[in-house]
1. Just to be sure, is residue 92 open to solvent by 20 Å² or more (accessible area, probe 1.4 Å), in contact with a Gly (Cβ under 6 Å, 6 or more places away or on another chain) and farther than 16 Å from residue 137 by Cβ?
2. With respect to residue 112, determine if the residue is surrounded by 14 or more Cβ atoms within 10 Å (Cβ to Cβ) and out of contact with any Gly (no Cβ under 6 Å at 6 or more places or on another chain).
3. Collect the residues in region 25-63 that are among the hydrophobic types (A, V, I, L, M, F, W, C) and in a loop (DSSP other than H, G, I, E, B), keeping them in residue-number order.
4. Identify the residue in region 173-195 that is of a type in the set (A, V, I, L, M, F, W, C) and touching a residue at least 24 places away in the same chain (Cβ under 8 Å) and, among all such residues, is most open to solvent (accessible area, probe 1.4 Å).
5. Contact list please: Cβ distance under 6 Å, first residue in region 89-102 and among the hydroxyl-bearing types (Ser, Thr, Tyr), second residue part of a helix (DSSP H, G or I) and open to solvent by 10 Å² or more (accessible area, probe 1.4 Å), pairs at least six apart or on different chains.
6. Taking residue 47 as meeting all but one of (1) in contact with a Ser or Thr (Cβ under 8 Å, 6 or more places away or on another chain); (2) aliphatic (A, V, I, L, M); (3) free of Cβ contacts under 8 Å to residues at least 60 places away in the same chain, write down the number of the exception.
7. When you scan region 87-195 for helices (runs of 4 or more DSSP H) that lie fully inside it, which ones turn up with 3 or more residues that are under 13 Å from the mean Cα position of the chain (by Cα)?
8. Criterion first (modelled with pLDDT of 95 or more, open to solvent by less than 30 Å² (accessible area, probe 1.4 Å) and within 30 Å of residue 161 (Cβ to Cβ)) does residue 59 satisfy it?
Amino acid sequence: MKTFVFFTCCGLDDPCGLGRNFPFAKYLARQGFTVKFLALHPDIQSVKERKQLIDWVEVYFVGQMHVVKRDGRKYDLNKFQLVWVSLSSSLKMAWAGLKAKGDILYCFQPQPINGLAVLIVTFLTGADMFLDCQDYEADVNRLTPFQKRIFQLFEDKWLPRNAKYITYHTDFLKQRYLKLGFPEKKFFYVPNGVD
């Protein structure tokens, strides 16, 4: 059986983790696949066990998310902190991805942190990379014009070009990529809450 390595920029308690990424990981694990779930955490320093086995999925908390959530409050990072956290978490995720030795690298949410990590691992290992799109990330996130351009490079160009397949859950997302010139045969529908 193949090993899937999930690259995700959200935590297990975030909407994307609860409704899409982690249910999908659990589903694949129940089918007999090995699933290694590389996740960021909103308060990484509070995590005592960085590797956990949850519902037959190996979960690795590899770095800090782009925001800090502590004691029921959310704290935004300043520009310097954001650049540092994004780069360091991306490199930690890439290192974990290399150690995971996956047959299929699965990028959930085409964002720069996990996007850079999966591109590095894909380049160094030659493993197949799949991309899952949940939102139009460059549009739904609160970004500066410069940040939006970076997001668009990952979301519209680098990740879909390198992906063998792209999974989606709304026709809007599929049509968006078709208009960008990606072939129909790359796309597969996967609903939310797949388990």
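The values are calculated or read from the model by the stated rules, or taken from the named source; none is laboratory data. Given the structure is predicted, the values throughout are model-derived calculations rather than measurements. Virtual Cβ from ideal backbone geometry, glycine too; neighbours counted across all protein chains shown. Areas reflect the complete protein model, heavy atoms only, side chains present, ligands, DNA and RNA absent. Shrake-Rupley method; radii C 1.70, N 1.55, O 1.52, S 1.80 Å.
1. On the way: open to solvent by 20 Å² or more (accessible area, probe 1.4 Å): yes; in contact with a Gly (Cβ under 6 Å, 6 or more places away or on another chain): yes; farther than 16 Å from residue 137 by Cβ: yes.
The answer is yes for residue 92.
2. yes
3. Result: 33, 47, 56.
4. Filtering first and then ranking leaves 180.
5. 89/113; 90/113; 90/116
6. (1)
7. Details: elements: 112-125, 137-140, 145-152, 159-162, 171-179.
So the answer is 112-125.
8. So residue 59 fits the description; yes.
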